[in-house]
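Peer 1: Provided herewith is a single structure, encoded as C-alpha cells, for subsequent inquiry.
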Amino acid sequence: MVSDFMSAAEQMKQQLGEGLCLAKWQQVSLHLPTGLNNSCYHPPLHQIDSDAVKINPAALHNTTHKKEQRKIMLRNERPKECSYCWTQEDLGNLSDRHYRSGEPWAAEHFDRIVNSTGDEDVTPSYVEVNFNHACNLKCSYCSPQFSSSWEDEIQRWGAYPTSEPHNDPSHFNGRRKPIPAREHNPYVDAFWEWWPTLYPKLKHFRMTGGEPLMDRNTYRVFDYVLALPNPDLHIDVTSNFSVDEALWTKYLGYVKQLCNTNIEHFMQYVSLDSANAKQAEYIRHGMDFQRVSRRTAEFLGQIPNRNSLTFIITMSNLNILGLKNLLESILDLREMYSDTYQRVWFDTPILRTPTWQSLQILPPVYASRLQDIVDWMTIKLETPEHPFRGFKDYEVQRLQRVVDWMKEGSKLDTDYVTMQRADFYRFFNEHDKRRETDFLTTFPEMREFWEQCRYYAQN
C-alpha cells in the first residue's frame, strides 16, 4: 500500500522537472532575531533587507536573493544552495522538494508558479517563524543565534577550541547578534504589519525558537487566532517540553482552547533525539527527559481532538545508538493514542552543521547499524487492516535517505574526515569540562571512535 503522501510526491516529481521546487515560493522560515530567511532548513540562511521591510513587509519572504533562486528554477536549472535535494535525487531517492511540492498547500499553486517570472511578490501558505532566541537549553549542535543559553555560555567561557573556533563571541556581533526581545526589532515590527495580509492565506503557521513557549509573541498569535479562527489553518509549535511548570500550564491551557475552536489542526512538534535519557539530555543540554515524557502523555491524553504530536529526531552522529528504542516507543504511543486518525508522528532531518557532528564522519559500522533499523521498520509497516499502528512507507524511505547520505561520507577526503574527527573530540572534551558531563559514561559504546578522535586531536 503506497501512502497518499508518497504518491503525491511521486506524481509531483514528474511535473517539477529538474530544478523547480514550489517551496521557494510558498514556504518561508523567518529568523527574526537576526533578520535571516530561507525557504526550508536545507539552504543556507540569507539576510533580509531591514530597509526594504519598512516599505514592504512582504520583503521578509520575497528577498532579492530568493527571487534570483526562483528564476534559476524557472529555467529548469538547479540552484547550488539546494544541494541536499540534488544529492538525494542523484542517489535515486525522492527528495524534500518532491514531498513539499506535492503537499496541497504548495501543489495548488503549481500553474501560477510555472507561469511566473520569478520577480513577483508571493504570499506564502506555509510560514515558519522564530520570534525570539530565548531558550533554556544548550543543544550541542545549536548556536547563540538560536539560544540565549548558548549566548550566555560563550560570553562567559569564549569559543570552543575546534580547528576554527566554534561559536566565537566575536562572530556574533553587528547583524549576526540576535536582537533581544526587550529591544526594538524591525523584523518583528514588519512581521506584525504583514500579519493581517498573511493570515487569511495561511495553511500552516509554525512557531519555533529559541523556545516559543517562552516568547510573548506565541501567545499573541494564539489570542489572534482565538479571536478570528481560520478553518483552513494548521498551527504548529516546536518545543523542547522542558520549560518551567507555570509556563507549561499556561501553554497547555491555550492549546486546549485552540483545539476547541474552528481551526483545521494543531501540530505539536517535540525535539527529542534518543530514548536513552542520559544520551537525550547530553545532546540537548538542559532537557529533563522524564518531564518531556510526562508532558507528551499529558498533551496526548488531555487534548484528544484536532491535534497531533510529531517528534523531531535530528540525525547526528550521537543519536543512532538510542534511535531504535525511540522508534519503538513511538509505535507504543501510536497504539495508545491513534484511533480514528494518526496522532503520533516523527521526522528524521539530517544534521549537516556543525560538520563534526555529521553522520558522514562515523565509521562504516554505524551506517550498517542504521540500515538494520531501516530493515526492521520495513517489516513493521502499517496495513489497511491495522492503520495508524506501524510505520509509514515514506518514514522508511526518509530514513533510508539518511543511510544513503551517510554512506556518501566514504567519498570524503581523508584529511577532511580526520580534521572533523579531531574537532569532534575537541568540542565534546570542552563540552564535558564546561557542563560537567562525561562523554564516555554517557556513550560507552562509542569508546573506540572517541579514542580515535582523541588521537587525531592530539597528533
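The values are calculated or read from the model by the stated rules, or taken from the named source; none is laboratory data. Please read these numbers as outputs of a predicted model, since none were measured by experiment. So basically every Cβ, Gly included, is an ideal-geometry build from the backbone, and we count neighbours across all protein chains shown. We work out accessible area using only protein heavy atoms, side chains counted, and drop any ligands, DNA or RNA first. Shrake-Rupley method; radii C 1.70, N 1.55, O 1.52, S 1.80 Å.
Peer 1: When you look at Met406, is it open to solvent by 50 Å² or more (accessible area, probe 1.4 Å) and either in contact with a Lys or Arg (Cβ under 8 Å, 6 or more places away or on another chain) or within 23 Å of Tyr84 (Cα to Cα) (or both), yes or no?
Peer 2: no
Peer 1: Which of the residues belonging to segment 180-193 are modelled with pLDDT under 90 and among the β-branched types (Val, Ile, Thr)?
Peer 2: Across segment 180-193, there are no qualifying residues.
Peer 1: May I pose another question? Can you tell me which of (1) surrounded by 20 or more Cβ atoms within 10 Å (Cβ to Cβ); (2) small (Gly, Ala, Ser); (3) touching a Pro at 6+ places or on another chain (Cβ under 8 Å) is the one Ser50 doesn't meet?
Peer 2: (1)
Peer 1: It is to be established whether one or more residues within segment 148-160 are open to solvent by less than 30 Å² (accessible area, probe 1.4 Å), more than 30 Å from Phe427 (Cα to Cα) and of a type in the set (A, V, I, L, M).
Peer 2: Checked against the condition, which is being open to solvent by less than 30 Å² (accessible area, probe 1.4 Å), more than 30 Å from Phe427 (Cα to Cα) and of a type in the set (A, V, I, L, M), segment 148-160 yields no hits at all.
Peer 1: Further, regarding this structure: Within segment 367-424, work out how many residues are aromatic (Phe, Trp, Tyr), free of Cβ contacts under 8 Å to residues at least 60 places away in the same chain and in a helix (DSSP H, G or I). Can you show your working first?
Peer 2: Step one: of segment 367-424, the residues aromatic (Phe, Trp, Tyr) are 376, 388, 391, 394, 405, 416, 424.
Now restrict to residues that are free of Cβ contacts under 8 Å to residues at least 60 places away in the same chain: 376, 388, 416.
With the extra rule that they be in a helix (DSSP H, G or I), the set shrinks to 376, 416.
Residues that pass the stated criteria total 2.
Peer 1: Pull up segment 300-337, narrow it to residues that are among the charged types (D, E, K, R) and open to solvent by 10 Å² or more (accessible area, probe 1.4 Å), then point me to the one that is farthest from Asp232 (Cα to Cα).
Peer 2: Per the criteria, the residue is Lys324.
Peer 1: Now a separate question. Output the residues belonging to segment 377-403 that are surrounded by fewer than 17 Cβ atoms within 10 Å (Cβ to Cβ), of a type in the set (D, E, K, R) and either touching a Cys at 6+ places or on another chain (Cβ under 6 Å) or within 30 Å of Ser358 (Cβ to Cβ) (or both).
Peer 2: Lys380
Peer 1: Another question, if that's okay. Open to solvent by less than 50 Å² (accessible area, probe 1.4 Å) and in contact with a Ser or Thr (Cβ under 7 Å, 6 or more places away or on another chain) - does that describe any residue in segment 245-254?
Peer 2: Here is the first cut: in segment 245-254, the ones open to solvent by less than 50 Å² (accessible area, probe 1.4 Å) are 247-248, 251-254.
When the remaining residues are screened for being in contact with a Ser or Thr (Cβ under 7 Å, 6 or more places away or on another chain), the result is none.
Scanning segment 245-254 turns up no residue that is open to solvent by less than 50 Å² (accessible area, probe 1.4 Å) and in contact with a Ser or Thr (Cβ under 7 Å, 6 or more places away or on another chain).
Peer 1: Looking at segment 19-34, which of the residues that are of a type outside the set (D, E, K, R) and out of contact with any Leu (no Cβ under 9 Å at 6 or more places or on another chain) is nearest to Phe146 (Cα to Cα)? Spell out the reasoning first.
Peer 2: Going through segment 19-34, the residues of a type outside the set (D, E, K, R) turn out to be 19-23, 25-34.
Filter again for out of contact with any Leu (no Cβ under 9 Å at 6 or more places or on another chain), leaving 21, 23, 25-27, 33.
Details: Cys21: 27, Ala23: 23, Trp25: 25, Gln26: 24, Gln27: 20, Pro33: 8 Å.
Among them, the one singled out is Pro33.
Peer 1: Sticking with this one: Determine which member of the set Tyr126, Tyr141 is buried (at least 21 other Cβ atoms within 10 Å of the Cβ), out of contact with any Asp or Glu (no Cβ under 7 Å at 6 or more places or on another chain) and among the aromatic types (Phe, Trp, Tyr). Steps first, please.
Peer 2: Details: Tyr141 fails: buried (at least 21 other Cβ atoms within 10 Å of the Cβ).
Of the residues listed, the single one that is buried (at least 21 other Cβ atoms within 10 Å of the Cβ), out of contact with any Asp or Glu (no Cβ under 7 Å at 6 or more places or on another chain) and among the aromatic types (Phe, Trp, Tyr) is Tyr126.
Peer 1: When you check Thr87 against the structure, is it polar (S, T, N, Q) and assigned to a helix (DSSP H, G or I), yes or no? So that I can check it myself, show each step before the final result.
Peer 2: Details: polar (S, T, N, Q): yes; assigned to a helix (DSSP H, G or I): yes.
Against the criterion (polar (S, T, N, Q) and assigned to a helix (DSSP H, G or I)), Thr87 qualifies.
Peer 1: Oh, and also: Name the residues in segment 257-287 that are crowded, with 19+ Cβ neighbours inside 10 Å and in a loop (DSSP other than H, G, I, E, B), would you?
Peer 2: Correct list: Ile263, Leu272, Asp273, Ser274, Ala275, Asn276, Met287.
Peer 1: So, one more: Quick test for you: out of Leu233, Leu228, Leu213, pick the one residue that is in contact with an Asp or Glu (Cβ under 7 Å, 6 or more places away or on another chain) and among the aliphatic types (A, V, I, L, M).
Peer 2: Working: Leu228 fails: in contact with an Asp or Glu (Cβ under 7 Å, 6 or more places away or on another chain); Leu213 fails: in contact with an Asp or Glu (Cβ under 7 Å, 6 or more places away or on another chain).
It is Leu233.
Peer 1: Residues to consider are His285, His265; find the one that is more than 17 Å from Phe391 (Cα to Cα), in contact (Cβ under 8 Å) with a residue 12 or more places away in the chain and touching a His at 6+ places or on another chain (Cβ under 7 Å). Even if it seems obvious, please write down each step before you answer.
Peer 2: Working: His285 fails: touching a His at 6+ places or on another chain (Cβ under 7 Å).
Going through His285, His265 in turn, just one is more than 17 Å from Phe391 (Cα to Cα), in contact (Cβ under 8 Å) with a residue 12 or more places away in the chain and touching a His at 6+ places or on another chain (Cβ under 7 Å): His265.
Peer 1: Sticking with this structure for a sec: Do we find that Arg343 is of a type in the set (Lys, Arg), touching an Asp or Glu at 6+ places or on another chain (Cβ under 9 Å) and open to solvent by less than 30 Å² (accessible area, probe 1.4 Å) in this structure? Explain how you work it out, then say what you get.
Peer 2: On the way: of a type in the set (Lys, Arg): yes; touching an Asp or Glu at 6+ places or on another chain (Cβ under 9 Å): no; open to solvent by less than 30 Å² (accessible area, probe 1.4 Å): yes.
Against the criterion (of a type in the set (Lys, Arg), touching an Asp or Glu at 6+ places or on another chain (Cβ under 9 Å) and open to solvent by less than 30 Å² (accessible area, probe 1.4 Å)), Arg343 does not qualify.
Peer 1: Can you tell me how many residues within segment 437-447 are in a loop (DSSP other than H, G, I, E, B) and under 18 Å from Pro161 (Cβ atoms)?
Peer 2: Adding up the residues that qualify gives 1.
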